[in-house]
1. Might you let me know whether the stretch 32-45 holds any residue that is surrounded by fewer than 14 Cβ atoms within 10 Å (Cβ to Cβ), assigned to a helix (DSSP H, G or I) and not hydrophobic (A, V, I, L, M, F, W, C)?
2. From the list Tyr78, Tyr95, which one is modelled with pLDDT under 90 and not basic (Lys, Arg)?
3. Only residues that are closer than 17 Å to His160 by Cα and of a type in the set (A, V, I, L, M, F, W, C): list them for the stretch 65-91, please.
4. Among (1) surrounded by fewer than 21 Cβ atoms within 10 Å (Cβ to Cβ); (2) modelled with pLDDT of 90 or more; (3) under 17 Å from the mean Cα position of the chain (by Cα); (4) small (Gly, Ala, Ser), where does Gly177 come up short?
5. Which residue pairs have Cβ atoms under 8 Å apart, sit 6 or more places apart or on different chains, and have a first residue in the stretch 158-171 that is on the phi < 0 side of the Ramachandran plot and outside any helix (DSSP H, G or I) and a second that is modelled with pLDDT under 95 and of a type in the set (A, V, I, L, M, F, W, C)?
6. Could you check, for the stretch 144-166, whether at least one of its residues is among the aromatic types (Phe, Trp, Tyr) and at pLDDT 80 or above?
7. Between Ile109, Ile88, Ile135, which is assigned to a helix (DSSP H, G or I) and surrounded by fewer than 17 Cβ atoms within 10 Å (Cβ to Cβ)?
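The values are calculated or read from the model by the stated rules, or taken from the named source; none is laboratory data. This one's a predicted model, so the numbers in the text were calculated from it and none came from an experiment. Backbone-built Cβ (ideal geometry, glycine too); neighbour counts: all protein chains shown.
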Amino acid sequence: MIVLNIIIFLIPFLGIINSEDLLKYGAIYGPSIVLSGESWRLVTAMFLHGGFEHIFMNMLSLWFVGRVVERWFDNFSYITIYFISGLIGGLISIYTHPVGVAIGASGAIFGIFGAMAGIVIVHRKRMEAQFKAFIKEFGVILLLNLIIGVIFESVDLSAHIGGLIAGLVGGMMIGKGYIKSYIIFSIIIMILIYSYILPELYVTNYEFY
């Protein structure tokens, strides 16, 4: 995933930090996704970044967290959590910022982070003291990210939280062997958000677009 993100970022026309260019090449934009049916933006936006600092921080986080989670899940489960978290994070971002332009892999990465917590919770009885230590560290890191999200307006905290919850649920369900149930449950949640909550929001405020 790191290699794929970097390759896409290094393609010259995707390295431009310009809202119009980002929209052209697949950034999340509520009206385009909900009113025009361009749902593919939820996927492409996960591989777009606004500059070298943006992609560096995201890929560094994915490197540290992803290596740990890869040891606990098979490749299919890992990729499933990554994409579902990114998609749900994107939908939550649209609901929170209806006409905002959003890019980045943060929602998916927070999903991997959440998956790590989820599987630890499932096996907490076996881990005992290690579980308590992990929860403390997890809490500190989560608090720091929440503070960063509040301080910097460019950080989409809603996408982070949406991805984190999706990953947490995924880690717990897959940790118990319910990967098919997790996929079905996630699809239902995404359909509900896309088909009911968001269209109603845009119909109500259609005059603004």
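1. No, every residue in the stretch 32-45 fails to be surrounded by fewer than 14 Cβ atoms within 10 Å (Cβ to Cβ), assigned to a helix (DSSP H, G or I) and not hydrophobic (A, V, I, L, M, F, W, C).
2. Tyr95
3. If the condition is that a residue be closer than 17 Å to His160 by Cα and of a type in the set (A, V, I, L, M, F, W, C), then Val65, Ile81, Phe83, Ile84, Leu87, Ile88, Leu91 are the ones that fit.
4. (3)
5. Once the first residue is on the phi < 0 side of the Ramachandran plot and outside any helix (DSSP H, G or I) and sits in the stretch 158-171, no partner that is modelled with pLDDT under 95 and of a type in the set (A, V, I, L, M, F, W, C) comes close enough.
6. No: zero hits.
7. Answer to the check: Ile135.
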